[in-house]
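Worksheet: one structure, shown below.
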Amino acid sequence: MSPKKGKLKFNSTEESPLGSGNNTSSVAAFSQTLHPITKANCTICHGVNQAPLHAVDDAQQAHDAVVNAGKVNMSNPGQSRMVLKLINENHNCGTNCASWAAQMETAITTWNSMLANNGNNNGDDEPNRTADSPPLITILDPNNNMDNGTLVLDPESGSLVAPMVAGVDGEIDFIHVPDNGANLANNDATAGIGYINFNSTISDNYKVYGFVDAPGNGDNSFHIKIDNGAYNEWHITETEGFEWRELTNTANQNPVSIFLPAGNGHIFEVRQREDGTKISQVVVTNDPNVDLNAVSTAVIGTLTYDLSMHLNQNIQFQIDVQEFDDFSYKFSNPRMLTNGANVYVKDIKIYINRNWNAQHSTYTVVDKIVTPADSSLSPHSMIVLKDLGPQFDLVGFSFEILTVQ
């Protein structure tokens with residue numbers, strides 16, 4: 001059974017584009033700040049067919065590509081992936097990496113400032129405003145941060161170089177190069193690649209494990225490396241569906257141990273060898289007794305808000321939350337526990353530390369009468385940027401209309 005139950009997909013529901021719909025202010029700000037930079041420097045790849053398509057001419061499409069992929073961090077623009085990719089990886093920037101990174105950071109900072117001056121508020125004047133949650137760390141298992149020598153990496157949330165693409169098999173997310181019979185050397189410039197940035201808190205020797213689908217000879221190998229180390233030619237023992245396998249090197253499957261110093265900015269690289277091989281999750285650990293299924297299961301918490309003071313009835317609003325990556329949370333399955341009543345709900349806004357960000361607009365389109373038989377408010381998930389981190393972030397909601405029918 002997959003250890004990724006409920007990790008990123010919720011009953012295969014579609015994610016609504018973050019920042020689309022009525023989020024015109026964010027798109028307009030993006031079109032005046034970051035978009036001109038991406039169109040000037042990134043069009044050859046990210047304006048044609050390489051995700052994310054943040055350099056296409058259409059500002060809405062480019063905006064959604066940036067935000068949906070978590071490429072900007074409005075709380076700390078210098079930690080945005082688009083900035084770090086230039087600083088840490090010298091991504092297609094030649095000798096101009098530092099200059100381009102500075103331009104990117106300035107553009108994201110300006111974008112955020114424009115949003116702050118265009119309608120962001122704390123919701124205190126909203127008549128239907130919930131109380132704030134406790135810090136999210138109390139809802140989510142603190143061990144999910146994995147600061148004890150075990151790190152869980154999700155390749156599909158990293159940066160992908162075509163023909164490496166993301167895919168879904170039921171509830172399992174993965175990356176792969178579609179099977180076309182190729183077998184590439186580790187220096188082949190046409191190889192698909194996945195880059196995952198991560199941090200470590202303990203200097204030690206680590207083992208690496210992958211949750212992989214290696215269906216047969218010819219579809220069961222990758223090139224793997226961390227930071228500037230040598231590539232490991234990982235020949236994977238064939239699997240039946242997705243199974244855990246330990247990273248080895250060469251066709252002899254020699255054991256691999258990788259020393260990692262404590263610090264930020266490590267890069268895990270998954271590089272195409274035999275296309276058709278799939279990888280869903282990576283565990284990097286110094287624990288010889290690690291329980292892979294336990295550490296790889298994402299922790300999902302539920303926030304519950306009492307609406308009795310607004311509706312004079314015992315009615316609750318609930319929504320699920322989990323950490324999506326280092327920069328963001330994922331909210332899903334908003335619903336009403338109506339205690340037999342019908343409730344009209346319209347325009348839900350989310351507040352992080354009493355601030356609403358216009359990018360977080362997925363649930364502003366909600367306009368529904370919820371009944372005891374149909375408690376769901378939306379089938380979509382929403383990516384929300386972190387502010388201070390789960391130890392400190394408080395979450396509240398407001399409703400433009402909230403009435404019992």
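The relative contact order of segment 24-116, computed from alpha carbon pairs under 8 Å that lie at least 6 residues apart in sequence, is 27 percent. Label positions at Ala131 and Phe259, each projected 7 Å from the Cα along the C-beta direction, are separated by 5.3 nm. Estimated from the Cβ-Cβ distance and a Förster radius of 35 angstrom, the FRET efficiency linking Ala185 and Leu388 is about 0.20.
Quick one: of Lys85/Lys207; Lys225/Lys349; Lys71/Lys278; Lys278/Lys368; Lys278/Lys330; Lys207/Lys349, which pairs are farther than 32 Å apart, Cα to Cα? From Lys85/Lys207; Lys225/Lys349; Lys71/Lys278; Lys278/Lys368; Lys278/Lys330; Lys207/Lys349, over 32 Å: Lys225/Lys349; Lys278/Lys368; Lys207/Lys349.
Computed about the Cα centre, the dipole magnitude for segment 319-405 is approximately 220 debye when only Lys and Arg (+1) and Asp and Glu (-1) carry charge, each at its Cβ. Restriction of the GluC sites (Glu not before Pro) in segment 219-265 to DSSP coil positions whose beta-carbon has at most 12 other beta-carbons within 10 angstrom yields Glu240.
Using DSSP, restrict attention to beta bridges with both residues in the chain and report what percent are antiparallel, rounded to the nearest 5. Taking every DSSP beta bridge with both residues in the chain, the antiparallel ones total about 100 percent. Considering only alpha-carbon pairs that sit under 8 angstrom and 6 or more positions apart, the relative contact order computed for segment 220-318 is 23 percent.
Here Lys386 is the anchor, and the aspartates and glutamates within straight C-alpha reach of less than 16 Å, apart from those fewer than 8 places off in the same chain, are Asp132, Asp320, Glu323, Asp325, Asp326.
Here the simple spin-label model places points 7 Å from the Cα toward Cβ, and for Met309 and Trp244 these points are separated by 4.6 nm.
Here the extension length gained between Glu400 and Asn217 equals 60.1 nm, from 0.36 nm per residue of separation less the Cα-Cα distance. The length gained by stretching the chain between Ile369 and Asp57 to full extension, at 0.36 nm per residue less their Cα-Cα distance, is 108.5 nm. Neighbours of Ser31, meaning other residues whose beta-carbon lies under 14 angstrom from its beta-carbon, give a summed charge of -2 when Lys and Arg score +1 and Asp and Glu score -1.
Quick note: the coordinates plus some simple rules give every number you see, no bench work behind them. The structure displayed is predicted, hence computed values, not measured ones. For neighbour counting, all protein chains shown are included, and Cβ atoms are generated from backbone atoms with ideal geometry for every residue, glycine included.
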